[in-house]
Amino acid sequence: MKIRTPKGAVYHIDYGDGTAVQDKYGSGYAETFYYSFADMATQSEHNVRVWGADFLEFTAISNKKVTELTVTDCPNLEKFSCANSLLKQLDLSSCGKLSSVTCNNNDIALLKLPASVTSVNFSRNRLSLAKFPDKRTGMIYTYGPMRPIYLSEDKINGLTVDLTEMLEFNGTKSTFKWYYFDNKGNNADPALLIDPSTYTEKEGVFTFNQKPEKAIYCVVSNSKLPNLNNINDCYGIMPLELKGENKKLEQVHAAFITDKFTTEGLTFDLQLSATQANSSCVIDWGDGSFEETVLGVDTVTLKHNFLDAQVDRRHTVQIQCGNLDLMGLPQIGGFINFAPTMQPCPVKKLVLDNNRVQELDFSTFVNCEEISANGCYMSKVTLPHSDKLKKLSLRGGTIREVDLSPFTRLEELTLSSNQLDSIDLSTLTHLKKIDVSHNKLKSIKMSNDLSQLNEMDCSFNAIPMYMLPEKGMMNTYRYAPQEAFEITSNLIDGCTIDLSMFDNLKGEKTTTQPTTYIWLHGDDESKFIIEGVHYSVMGGKFTFKFKEPTKVFCTMQTAAFPLLASTENSYRTKPIVVDAQEMTSVNASVVETPLSLKMVHKTLHLKALKQVQVTLFSIDSKALWTKVMNSGEEDSLELQPGVYILQANGMEDVKFSIR
C-alpha cells in the first residue's frame, strides 16, 4: 500500500492474519508498505484495516488481489488509487476533498464519486452509462475502453431485455446493435448481426419476436463517448440466453405460405389495402421479423427480404388487419386462410399472380369484383357463387373446367394457356374482353347478345371454324390459328363426308360467305383429288369414288375468316381414310381425259393426250395462263402459293392449292 498522512500523525494497520497491529507515523510524504501475510499457506483472503489518521492519499498496489474496499471517515482524502484488481463497486462519495481517482481495470459496476473530483480514470470496468460519473468542464475523464456489463436478471423478462441504463449519456442517445454470440468475445462480427426487424425497441427496452437459437449480446455506442470499445471486447452487455414464448399476432386475418424458390436477395412484394382509412396492420413474416403499418383504401406495396431465405425454405406469413381488403401475393406456395373480422369477406380485389399452388379456393370472397391468379400452375379453382365478379384472370394454369354461369356481370375474362376443352359463355352478356387462347377448346358457346364485346382472342385452340363467333362490333378479334378439324364418325356415311356446317359463315363479314373446299392426298399432297373424277359434291357433302382406301384431307377457305386462309394458318381437316368404291378412276394421270397433270413441289406438269385448250385461273376467276396444246406436247408452270382452277375442254374443272 501507499499511504500519505500529515506529518506526525499516528495511524494503525491490521493485516488480518493474526499478527499484531502495526503503528505508523506520518512523514507528510506518501509512504509505501510491502507485506507478506503470515498465514498465506492456509488463508487466501484477508480483511485489512487502516485507521487512526487524517488520510490524504491512499493507493492499493496489487495485481487482481483486492476484491472489496470500503472508505470511511476520510473527509480530507485528496487522492485515491486501486487499479488492476477485482473490485465490483466503489463508494468514495463521503470524501468531500477528493480530486483524483484511479480505479481502472476492475469489475466495478457501481462507482460513486464526490463532486470535487477533477481527474478520474475508470476505464476497463463494467459500468452502465447511467452509472458513469458525471463529466464536468475541464475534468480529466478517462473512461475507455469499457468492458461489457453483466445484465441483472431483473432486466430480463422472457424475450424482453431492459437496457434503459444504456439509453443515453449527458443527453445524447445511444445506438444499439445485437449480435449472435460465437464464443469469440463481443467482437461485433458483421456476419452475426441480428436483423433489427426481428425485435422492437422502445426507449431502450427490446422485445424479440422469436427466441434466438443461441446466446446474443448487444453492442452500445454513444457519440459523446467515442472510445468505449476494445478491439475484441466491444462495450455493451455480456452474452445472454433468452427464454420465452415467441411473439404471436393477437388475431390472424390472413395467412399464406411462401414459395420454396423465394431465395436470398429476392424481394417479396406484398400488396395490401383496407376497406377504410387508418387501419392498423401487423405482419408476421415468419422469419422472426414483424412489421407494423397503417393501411388505407389505396393499395400499398410492402417489400421484404426474408432473413433466412434460401432455396427450399418456405415461410408462413400471417397478417393481422380486421379491415383487410386487397391482398396481392407473389411467390406463394399455398393460401391458408383469409378471414377478416368483417363478414362476409369484404375483399373487392384479390391478386395472387405467379404462384405455385395446385388448388385455390375463393368461395368466401363473395364481394370480390376482381380476381387475378395468373401463372399459378393450378389445376382446380373454386370461385365464389356471386354475380359481383367483373374481372377474372386465371392465365397460365392447368385448369380443365370452370363454371362461369354465376358471373352474369363479368366484363373481362382471361383463361388463356390452360387445358380447357370446352367453355360455356352463353350467360355472360356483359363481356367486353375475352381471352381463351392457347387452350384445347373444341367447343365454345357464346351469348346471342355480344353488343358490348370489344376484344376477343380464341386463337391457338381446336375450335371448328363454323363454331367461331362472329366479329360483330368487336374492334379486335384474334381467332387464328386453329388446330385441324377432326372428321368424326357421325359425319361419315359410307364414302360420303358431310362438311355442310362450314358453308355460309359470316365471321368477319356482315353477310354469309361461301367456302372453298380443296381435297388433297394425305400421303402425297402433289396428287390432286379432282372434283368430278375422284368425288362429287352436293350441299357441302362429298361422295368419293376411290378404287382402294385412300387417305385424304380437306383445306377450307372463306372470306368469312380470312386469317384461316393464309399459308401459315391454313384451316384444314385431319387426314382420314376413305373407303374404296368400285366406280370411277382414281387419279388424273390415268383417267380418259385429254390432259395428264402432275404436281412436283410448286411446279405443275401438263401433258396433252390429244389436242386441248388449257386455261389456268386464280380463285377470283382471273385468267393467269392459256395455251392450245397438241397431242403429246408437255409444259410446266411454276406457281406461287394460292388456290387455282384449271379448265380444259373435255374434262371437269380442277381446283387445287399450292402451299
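Against the criterion of being free of Cβ contacts under 8 Å to residues at least 24 places away in the same chain, assigned to a loop (DSSP other than H, G, I, E, B) and either β-branched (Val, Ile, Thr) or under 29 Å from Leu242 (Cα atoms) (or both), Leu111 does not qualify. Please tell me if Phe268 is of a type in the set (Phe, Trp, Tyr), in contact with a His (Cβ under 7 Å, 6 or more places away or on another chain) and on the phi < 0 side of the Ramachandran plot. Judged against the criteria, Phe268 is a match. Looking only at region 531-542, residues that are within 19 Å of Val643 (Cα to Cα), modelled with pLDDT of 80 or more and in a loop (DSSP other than H, G, I, E, B) come to 2 in all. If only residues of region 432-448 that are of a type outside the set (Val, Ile, Thr) and outside any loop (DSSP other than H, G, I, E, B) are counted, the one that is nearest to Ser393 (Cα to Cα) is Asp435. Considering region 383-411, the residues that are of a type in the set (S, T, N, Q) and within 23 Å of the chain's Cα centre (by Cα) include one that is modelled with the lowest pLDDT, namely Thr398.
Consider region 48-104 and keep the residues that are loosely packed, with under 14 Cβ neighbours inside 10 Å and among the β-branched types (Val, Ile, Thr). The one that is farthest from Gly18 (Cα to Cα) is Thr72. Of all residues in region 438-449, those satisfying the criterion of being surrounded by fewer than 20 Cβ atoms within 10 Å (Cβ to Cβ) and at negative phi are Lys440, Lys442, Ser443, Lys445, Ser447, Asn448, Asp449. Residues that are modelled with pLDDT of 90 or more and surrounded by 16 or more Cβ atoms within 10 Å (Cβ to Cβ): does region 640-657 have at least one? For region 640-657, residues modelled with pLDDT of 90 or more and surrounded by 16 or more Cβ atoms within 10 Å (Cβ to Cβ): absent. Here is a check on your reading of the model: is Arg126 farther than 30 Å from Leu307 by Cα, free of Cβ contacts under 8 Å to residues at least 24 places away in the same chain and not in a helix (DSSP H, G or I)? When the stated conditions are applied, Arg126 does not pass them. In summary, strands (runs of 3 or more DSSP E) completely within region 616-656 and bearing 1 or more residues that are closer than 24 Å to Tyr535 by Cβ, in contact (Cβ under 8 Å) with a residue 12 or more places away in the chain and not hydrophobic (A, V, I, L, M, F, W, C) occur at 642-648. Counted as qualifying within region 371-431 are the strands (runs of 3 or more DSSP E) with 2 or more residues that are β-branched (Val, Ile, Thr), namely 380-382. Tell me, please, whether a residue that is at pLDDT 95 or above, more than 18 Å from Lys131 (Cβ to Cβ) and of a type in the set (D, E, K, R) can be found in region 168-183. Yes. Regarding region 457-474, can at least one residue be identified that is surrounded by 20 or more Cβ atoms within 10 Å (Cβ to Cβ) and among the charged types (D, E, K, R)? Yes, because at least one residue in region 457-474 is surrounded by 20 or more Cβ atoms within 10 Å (Cβ to Cβ) and among the charged types (D, E, K, R).
The values are calculated or read from the model by the stated rules, or taken from the named source; none is laboratory data. The shown structure was predicted, so the numbers you read here are calculated from the model rather than taken from an experiment. Virtual Cβ from ideal backbone geometry, glycine too; neighbours counted across all protein chains shown.
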